[in-house]
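**Student:** Submitted below is the structure of interest, expressed as structure tokens.
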Amino acid sequence: MQMIELRSDTMTQPTAAMRKAMAEAEVGDDVFGEDPTINRLEEMAADRLGKETALFVSSGTMANLVSQLAHCGRGDEIILGSHAHTFFYEQGGSAAVGSLHPRTVPNQPDGKMALEDIEAAIRGDNVHFPRSRLILLENTHNICNGCPLEIDYMQAVGDIARRHQLKIHVDGARFFNAAVALGVAPKDLAAEADSVSFCLSKGLAAPVGSMVCGTQAFINEARRARKLLGGGMRQAGILAAAGIVSLNEMVERLADDHANAKKLAAGLAEIQGLFIEPDRIRTNIVFFELKSEKMTAAQFTQQINAEGLRMLPVAAQRVRAVTHYHITSKDIDQALAVVSKVMK
Ligand SMILES: Cc1ncc(COP(=O)(O)O)c(C=O)c1O
């Protein structure tokens, strides 16, 4: 039985072109800055996002952590969404490792923090307070149905940041999903951010790696933080080679993943016993709920598993499905047939 794997876009396997590029990659010692393939990937990433330079790191988590460490000093405060991946799922790394103070602001269902809430969270100059230093946004917003943040929102947050001399970091694990969904150039979407990270190893299908993009001075600090965390790799051009294929070949096709996610959401909305708002689905992440407590999300995923379909239980009644490179429109038909059967 062929499994239809919808737990995450991190499940993607490297393409044939990636494996070939990896096998043939020219490499060197990247801690000495001498890996030509990494240097090329860093130049490409910076160019795509309109930033001075970039840094290759092992994961999205490391990308966010080195970015926070590079922007902030001990005790500084970071304003971020209550549902931010960085807050929820990264072990509180900025506090655990960097002595940084997270200040959460409610995420709206579309992944935004209300502008007035951001403004209200910024500290005045007072001996009792930590110093506000960074606003951290997530684009697309994972927990909030993979919603993309639009350019006009970025500009509004940019205005606030400038007025209060704060920096902006974007956790763009799925930044190219956002740009493709919005039909905008990645560099226009990145323009207001001081730094943007994005993952090569999610929808872009590379096996390993994320990029951090920003000014030379910022990346110098991020590079130090990467070394501190043990993330200085040597002949890692063998990994970066796959990332180059990601940027060259895997971006535009994300539109297919979005179409499949919308089709899945529309189909799920027709199935008795499930709750979903299909209009909220704009990229490749679909969340839905089981209405009856008689079946938990864990029981549901166990049952669909037995029928060749994988989804992720994320709360007692909540399930996540993510489309990606290996999922076809036909797979969505099959997935909907399996869910219908299990819900009967
Ligand atoms: C929005 C977001 N940021 C960061 C990450 C962390 O990426 P990684 O798993 O590569 O550490 C993820 C992973 O799913 C994510 O969804």
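The values are calculated or read from the model by the stated rules, or taken from the named source; none is laboratory data. Here the structure is a predicted model, which means the values were calculated and not measured. Note that we place each Cβ from the backbone using ideal geometry, even for glycine, and neighbour counts take in every protein chain shown. Remember, those area values only see protein heavy atoms, side chains included, never the ligands or the DNA or RNA. Shrake-Rupley method; radii C 1.70, N 1.55, O 1.52, S 1.80 Å.
**Student:** Accessible area per residue of the chain at 1.4 Å probe, in Å²?
**Tutor:** Details: 14870 Å² over 344 residues.
About 43 Å² of surface per residue is accessible.
**Student:** Bin by bin, in steps of 10 Å, what percent of the Cα pairs in region 133-262 do you find, going until the bin that has the longest distance?
**Tutor:** Each 10 Å bin holds this share of Cα pairs: 12, 40, 35, 13, 0.
**Student:** Which whole-number value in Å³ per residue fits the convex hull of the alpha carbons of region 138-209?
**Tutor:** Taking only Cα atoms, region 138-209 has a hull volume of 86 Å³ per residue.
**Student:** Once you place label points 7 Å from the Cα toward the Cβ at A95 and A191, how far apart are they in nm?
**Tutor:** It works out to 3.7 nm between the two label points.
**Student:** In what order, largest first, do S82, S329, S195 sit by accessible area if the probe radius is 1.4 Å?
**Tutor:** Working: S82 30, S329 55, S195 0 Å².
Reading off the accessible areas and sorting them downward yields S329, S82, S195.
**Student:** Something else: Lysines within cross-link reach of K227: Cα-Cα under 25 Å, excluding same-chain residues under 8 positions apart?
**Tutor:** Candidates past the 8-residue exclusion: K51, K167, K202.
**Student:** From the convex hull of the Cα coordinates of region 73-221, what is the mean projected area in square nanometres?
**Tutor:** On the way: hull surface 35.9 nm².
Across all orientations, region 73-221 yields a mean hull projection of 9.0 nm².
**Student:** Next question. What does the charge dipole of the chain about its Cα centre add up to, to the nearest 20 debye, if the Cβ of each Lys and Arg holds +1 and the Cβ of each Asp and Glu holds -1? Kindly include the intermediate steps, with their values, before the conclusion.
**Tutor:** Numbers: 36 positive and 41 negative charges, 151 e Å.
With Lys and Arg at +1 and Asp and Glu at -1, about 720 debye.
**Student:** Can you list the residues of region 64-85 with backbone N under 14 Å from a point 7 Å past the Cα of R318, pointing along Cα to Cβ?
**Tutor:** The answer is 82-85.
**Student:** V105 accessible area, nearest 10 Å², 1.4 Å probe?
**Tutor:** So the heavy atoms of V105 present about 10 Å² to solvent.
**Student:** Apply 1/(1 + (r/R0)^6) to the Cβ-Cβ distance of N248 and H128, taking R0 = 35 Å, and write down the FRET efficiency to the nearest 0.05.
**Tutor:** Details: r = 51 Å, r/R0 = 1.47.
Calculated transfer efficiency: 0.10.
**Student:** Also, quick follow-up: If I model the chain as equal point scatterers sitting on the Cα atoms and use the Debye formula, what is log10 I(q)/I(0) at q = 0.07, 0.10 Å⁻¹?
**Tutor:** The Debye formula, applied to the Cα set alone, gives -0.30, -0.60.
**Student:** Select from I143, A206, I78 the residue farthest towards the positive end of the dipole of region 69-223; place +1 on Cβ of Lys and Arg, -1 on Cβ of Asp and Glu, and compute about the Cα centre.
**Tutor:** A206
**Student:** Could you give P(r) for region 16-106, binned at 5 Å from zero, as whole percent values over all Cα-Cα pairs?
**Tutor:** 3, 12, 16, 18, 15, 14, 11, 7, 4, 0
**Student:** Could I ask something else about it? Could you work out the helix-only [θ] at 222 nm for the chain, with each DSSP H run of four or more residues adding -39,500 (n - 2.57) and the total divided by the number of residues, to the nearest 500 deg cm²/dmol? Intermediate results must be reported in sequence, preceding the final value.
**Tutor:** Numbers: 14 runs with 145 residues, N = 344.
That comes out to -12500 deg cm²/dmol.
**Student:** Mind checking which lysines have their Cα closer than 20 Å to the Cα of K344? Skip sequence neighbours fewer than 8 apart in that chain.
**Tutor:** In chain and number order, the partners are K291, K294.
**Student:** Residue separation times 0.36 nm, minus the C-alpha to C-alpha distance between K20 and R224: what's the value? Can you show the working numbers first?
**Tutor:** Numbers: separation 204, 0.36 × 204 = 73.44 nm, distance 3.15 nm.
So the chain would gain 70.3 nm between K20 and R224.
**Student:** Given a 1.4 angstrom probe, I'd like the percentage of the accessible area of the chain that is carbon and sulfur, rounded to a whole number. Please report the intermediate quantities before stating the final value.
**Tutor:** Working: 7260 of 14870 Å².
Carbon and sulfur: 49 percent of the exposed surface of the chain.
**Student:** In addition: Can you work out D for region 71-152 in µm² s⁻¹ from Stokes-Einstein, where Rh is the Kirkwood radius over C-alpha pairs, the temperature is 10 °C and the viscosity is 1.306 mPa s?
**Tutor:** 121
**Student:** Compute the distance in nm between two label points, each set 7 Å from the Cα along the Cα-to-Cβ direction, one at R163 and one at E293.
**Tutor:** 4.5
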